[in-house]
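The values are calculated or read from the model by the stated rules, or taken from the named source; none is laboratory data. All values derive from a computational prediction rather than experimental measurement. All Cβ positions, even for glycine, are placed from backbone atoms using ideal geometry, and neighbour counts span all protein chains on display. Surface accessibility is based on the protein's heavy atoms, side chains included, excluding ligands, DNA and RNA. Shrake-Rupley method; radii C 1.70, N 1.55, O 1.52, S 1.80 Å.
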Amino acid sequence: MQTIGILGGGAWGTALAYTAHQAGRDVRIWAREPEVAADLATGRGNPTFLSGIELPAMAASTDLADMAGVDAILSVVPAQHARGVFETLAPHIDAGVPVMLCSKGIEKSTLSLMTDVLQQSIPQAVPAVLSGPSFAADVARGLPTAVTLACEDKPLGEALVKAIGRPTFRPYWSNDLVGAEVGGAVKNVLAIACGIVEGLELGRSAHAALISRGFAEMTRLAVSMGADAQTLAGLCGLGDLVLTCSSVQSRNMSFGKALGEGRKPEDILAERNSVTEGVATAPALIELAERQDVQMPICQAVNEILAGRASLEEAMTALLSRPFTQEGL
């Protein structure tokens with residue numbers, strides 16, 4: 001596990017690359033943008049996506065063939081673009097190479113989790129999932145962070161933990177890939193909802209209630225897909241949910257806050273150079289929930305707002321008009 005490939009030169013990919021570099025690994029970064037690759041390779045940092053962070057020069061290019069021969073990969077490609085990148089990457093990956101999936105979402109066209117997309121595109125790779133409460137800037141600055149590293153094979157999982165772990169970046173092994181993936185995908189949609197609550201100035205009580213009831217939605221879906229409920233109570237579920245729903249440093253929460261303040265979705269997205277995963281995940285998540293026969297009213301409300309089928313006021317009224325029920329349902 002000496003040579004680590006990083007797919008994606010955004011803020012999170014750069015932070016993970018720097019973490020692996022600090023852990024003593026040889027890092028190779030693939031970036032879609034030539035200017036990002038050039039900046040990273042020459043020690044100019046990543047002013048495009050992670051400004052204000054000084055970084056050493058790290059090997060970076062725009063050629064996926066440069067991933068050939070790596071011992072493990074951290075994939076930070078946005079969920080809706082992952083399949084295309086994986087299919088191009090596939091001929092360069094040896095059998096048994098672990099790919100840690102760090103992007104959080106559900107493929108809109110197939111309703112597939114990222115582990116499924118990986119196995120369909122690079123069947124010789126071994127899937128793993130890295131997910132948890134972690135802002136890229138915090139990780140890049142060396143601030144204490146803990147995440148879940150899910151991998152079915154425990155010895156391999158422990159080897160990956162040792163490869164990228166540091167005193168201030170602490171991966172905890174789990175064998176529950178589905179739980180880690182569902183938690184990461186759902187929390188982005190719930191963060192949009194929390195941002196709306198913030199933008200509408202509905203108060204801290206409403207914010208706390210939404211996180212709690214959103215956590216119930218997340219857990220219901222994950223368990224219906226075979227996950228362990230205990231996984232969702234950990235870093236990749238509740239931990240990530242609390243972080244993403246509590247700070248406008250989160251792209252998804254800041255997007256929701258702007259919605260709550262009356263701005264249009266397309267205008268908010270047009271100003272951003274980074275992907276707001278919850279926007280693309282919302283419709284896929286609701287379709288997946290319907291397939292699993294799982295009720296997710298908060299996520300449904302977000303999807304209705306994003307699709308233009310409900311105003312903020314209509315969506316809020318629909319939620320507050322739901323029948324009273326037993327907690328946990």
Lysine pairs, Cα distance under 22 Å, 8 or more residues apart or cross-chain: how many in the chain?
7
To the nearest 20 debye, the chain has a Cα-centred charge dipole, built from +1 on Lys and Arg Cβ and -1 on Asp and Glu Cβ, of 500 debye
How tilted is helix 277-292 with respect to the longest principal axis of the chain? Cα atoms for both, answer in degrees (0 to 90, nearest 10).
70 degrees
Give me the distance between the Cα centres of segment 1-52 and segment 250-329, rounded to whole Å.
32 Å
Of all DSSP beta bridges located in segment 4-136, what percent are antiparallel, nearest 5?
10 percent
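Hey, what number do you get for the chain at 222 nm if only DSSP H runs of n ≥ 4 count, each worth -39500 (n - 2.57), divided across all residues, to the nearest 500? Mind dumping the intermediate values first?
Values: 15 runs with 156 residues, N = 329.
Helix contribution divided over all residues of the chain: -14000 deg cm²/dmol.
Rounded, prolate or oblate for segment 249-329? Axes are the square roots of the Cα gyration tensor eigenvalues, ordered a ≥ b ≥ c, and the cut-off for rounded is a/c under 1.5. Walk me through the numbers on the way to the answer.
Details: a/c = 2.15, a/b = 1.56, b/c = 1.38.
Judged from the Cα gyration tensor, segment 249-329 comes out prolate (a/c at least 1.5, a/b above b/c).
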How high is the relative contact order of segment 115-269, given as a whole-number percent (alpha carbon pairs under 8 Å, six or more residues apart)?
26 percent
Rounded to the nearest 10 degrees, the helix 177-199 long axis (Cα) sits at an angle to the longest Cα principal axis of the chain of 50 degrees
Give the relative contact order (percent, whole number) for segment 221-305; include only Cα pairs under 8 Å separated by 6+ residues.
24 percent
Considering only C-alpha atoms, what is the centroid distance from segment 209-233 to segment 113-178, in Å?
20 Å
Between Pro155, Pro171, Pro78, find the one with the highest GNM mean-square fluctuation for the chain; connect C-alpha pairs within less than 10 Å.
Pro155
Charge-dipole axis of segment 48-129 as Lys and Arg at +1 and Asp and Glu at -1 on Cβ define it, positive-most pick from Ala95, Pro123, Gln80:
Gln80
The chain: relative contact order in percent, alpha carbon pairs under 8 Å with at least 6 residues between:
15 percent
I want the antiparallel fraction of DSSP beta bridges within segment 85-236, as a percent rounded to 5.
35 percent
Degrees between helix 154-164 axis and first principal axis of the chain (Cα, 0 to 90, nearest 10)
80 degrees
Could you put Val85, Val36 in order of accessible surface area, largest first, with the 1.4 Å probe and the full protein assembly present?
Val85, Val36
DSSP bridge orientation in the chain - percent antiparallel, rounded to nearest 5
20 percent
